[in-house]
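Here the structure is laid out as structure tokens; the discussion comes afterwards.
Derivation of every value follows stated rules applied to the coordinates shown; laboratory data play no part. For clarity, every value in this text was computed on a predicted model and none was experimentally measured. A quick note on method: Cβ atoms are made from the backbone with ideal geometry, for glycine too, and the neighbour counts reach across all protein chains shown.
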Amino acid sequence: MMRSVGTLTRADLAETINRKMGFSRAESLDMVEAILDKMATALEKGENVKVSGFGSFVLRDKKERIGRNPKTGVEVPITPRRVMTFRASQLLKERVAKGA
């Protein structure tokens with residue numbers, strides 16, 4: 001049972017591992033942390049992360065560009081940066097659509 005309404009937490013993931021795999025709560029939480037750390041480290045190194053049947057975390061490097069303050073109309077430079085997007089797999093899109 002999820003503790004936070006509308007939000008899946010690390011604890012919820014660990015609880016599922018605990019129930020389905022029989023690991024202790026501490027081992028289950030360690031496993032969740034290890035997976036998330038592996039994903040974060042890969043992204044930090046500039047690697048995309050693909051979870052088959054779920055989706056991909058994709059990095060893009062954006063160049064410097066000129067933006068405009070919408071209130072004042074003043075042009076300002078927007079610094080180059082790396083952004084991350086999530087692209088859901090077709091399978092996940094279909095599951096989400098069915099749940100609506």
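In degrees between 0 and 90, to the nearest 10, how far off the longest principal axis of the chain does helix 25-44 point, with axes built from Cα atoms?
20
What FRET efficiency, computed as 1/(1 + (r/R0)^6) with R0 = 22 Å and r the Cβ-Cβ distance, is obtained for K63 and A40, rounded to the nearest 0.05? It would help to have the intermediate numbers written out before the result.
Numbers: r = 25 Å, r/R0 = 1.12.
Taking R0 as 22 Å, the efficiency between K63 and A40 is 0.35.
Tell me which lysines have Cα within less than 21 Å of K63's Cα, excluding those fewer than 8 residues away on the same chain?
Partners found: K45.
Under a plain spin-label model, where a point goes 7 Å from the Cα along Cα-to-Cβ, how far apart in nm are E33 and V74?
4.6
In the chain, how does Rg compare with the Kirkwood Rh, expressed as the Rg/Rh ratio over alpha carbon atoms?
1.13
For the pairs K20/K50; K38/K98; K62/K98; K50/K71, note any where the Cα-Cα span goes beyond 28 Å. Could the numbers behind the result be given before it?
Working: K20/K50 24 Å; K38/K98 31 Å; K62/K98 35 Å; K50/K71 39 Å.
Too far apart for the 28 Å limit: K38/K98; K62/K98; K50/K71.
Can you give the Rg/Rh ratio of segment 1-45, where Rg is from the C-alpha atoms and Rh is the Kirkwood radius?
Numbers: Rg = 11.7 Å, Rh = 11.1 Å.
Result: Rg/Rh = 1.05.
For segment 48-100, compute Rg over Rh where Rg is the Cα radius of gyration and Rh is the Kirkwood radius from the inverse mean 1/r over Cα pairs. If you can, show how the numbers build up before the last one.
Numbers: Rg = 17.1 Å, Rh = 13.7 Å.
For segment 48-100, the value is 1.25.
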